[in-house]
């Protein structure tokens, strides 16, 4: 199976994601330039971290107009697994593929540190190999990771189990002190209603080998490899979208 | 035509920068300043023949690009046309 790693001008975690997919997991991986219009048959799309277009206006604000984003949107709407990490999450929010927005961290500082996140849901392609409640030790590196959405949107995210990762202590307890940026409900990552598009602020791709301090992020990539191999219909959409069953990976190869 | 776009966080949205500036002002003795909200200010040179056209164009750009409607709102001022004889660019704002 093949990972497409989208490269915007200013992306700087693209090589980390490529390395995780290609060298740690042994999967095919390909960089896709933001001016490209095709994902060239990829099974998984990664929008990596960094500072797309310099983030001069707003994080992710310009990247969403990139030519490649139409292909990403079509891929997502067809049920293909898409993960936006850090700046990639911000791009997904600006593109409207995920709800909400990012505010400045409540500390008003760029924060670069290891945090703990709890896996809240395992019925997504990127958490299928996790245990429910599993706590991952992952790095964050962002200035605008303070997740915000209107109260009714947050309420809906919670009710529909779209909060996928939450900042916690190492023991998995949600506390204000364990929330590094002030995100509402300690939200670190969410998915769309169809559950195939995920955005998270922590960097699993930077935590795939013990040599870099943690390999807790590997399970996120292992999850999507497992999910794609099992066929999209089994995982994506779960029981609420039985129509997807049987489409298999064919839908991903468009 | 010059158009000014003011982008601010919606009142319901917490403003960490504004809060920090508020605290700084208070610590500098400006106790009379109750609250600060920080925003963005854009000055656009718009190629338009009428103020309405300039406003329409700026409103479209602000809604699509300059502001994120999830957290921000914006206000637009179109600078009134200054008579050529006055020789100044600082006209009143409409």
Condition test on residue A:60, is it within 13 Å of chain B (Cβ to nearest Cβ), closer than 12 Å to residue A:11 by Cβ, touching a residue at least 24 places away in the same chain (Cβ under 8 Å) and surrounded by 23 or more Cβ atoms within 10 Å (Cβ to Cβ)?
yes
Extreme residue, surrounded by the fewest Cβ atoms within 10 Å (Cβ to Cβ), among residues of the range B:44-72 that are within 14 Å of another protein chain (Cβ to nearest Cβ) and assigned to a loop (DSSP other than H, G, I, E, B)
B:69
Out of all the residues in the range A:202-227, which are in contact with a helix residue (DSSP H, G or I) (Cβ under 6 Å, 6 or more places away or on another chain) and either in a loop (DSSP other than H, G, I, E, B) or surrounded by fewer than 21 Cβ atoms within 10 Å (Cβ to Cβ) (or both)?
A:208, A:217
Can you find even one residue in the range A:132-145 that is within 16 Å of the chain's Cα centre (by Cα) and part of a loop (DSSP other than H, G, I, E, B)?
yes
Using the structure shown, decide if residue A:19 is more than 30 Å from residue B:9 (Cα to Cα), out of contact with any helix residue (DSSP H, G or I) (no Cβ under 7 Å at 6 or more places or on another chain) and free of Cβ contacts under 8 Å to residues at least 12 places away in the same chain.
no
Across the range A:101-115, which residue is farthest from the other protein chains (Cβ to nearest Cβ) among those that are surrounded by fewer than 22 Cβ atoms within 10 Å (Cβ to Cβ) and either outside any strand (DSSP E or B) or over 19 Å from the mean Cα position of the chain (by Cα) (or both)?
A:110
Considering the range A:64-100 alone, what residues qualify as being part of a loop (DSSP other than H, G, I, E, B), crowded, with 24+ Cβ neighbours inside 10 Å and either at pLDDT below 95 or within 14 Å of chain B (Cβ to nearest Cβ) (or both)?
A:98
Can you find a residue that is in a loop (DSSP other than H, G, I, E, B), within 14 Å of another protein chain (Cβ to nearest Cβ) and crowded, with 16+ Cβ neighbours inside 10 Å anywhere in the range B:73-82?
no
If you scan the range A:23-52, which residues turn out to be more than 18 Å from the chain's Cα centre (by Cα) and surrounded by 23 or more Cβ atoms within 10 Å (Cβ to Cβ)?
none
Index of the failed condition, residue A:246 passing every other in (1) surrounded by fewer than 22 Cβ atoms within 10 Å (Cβ to Cβ); (2) part of a helix (DSSP H, G or I); (3) modelled with pLDDT under 95:
(2)
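The values are calculated or read from the model by the stated rules, or taken from the named source; none is laboratory data. Please read these numbers as outputs of a predicted model, since none were measured by experiment. Because the Cβ atoms are built from the backbone with ideal geometry, glycine has one as well, and the counts that use them run over all protein chains shown.
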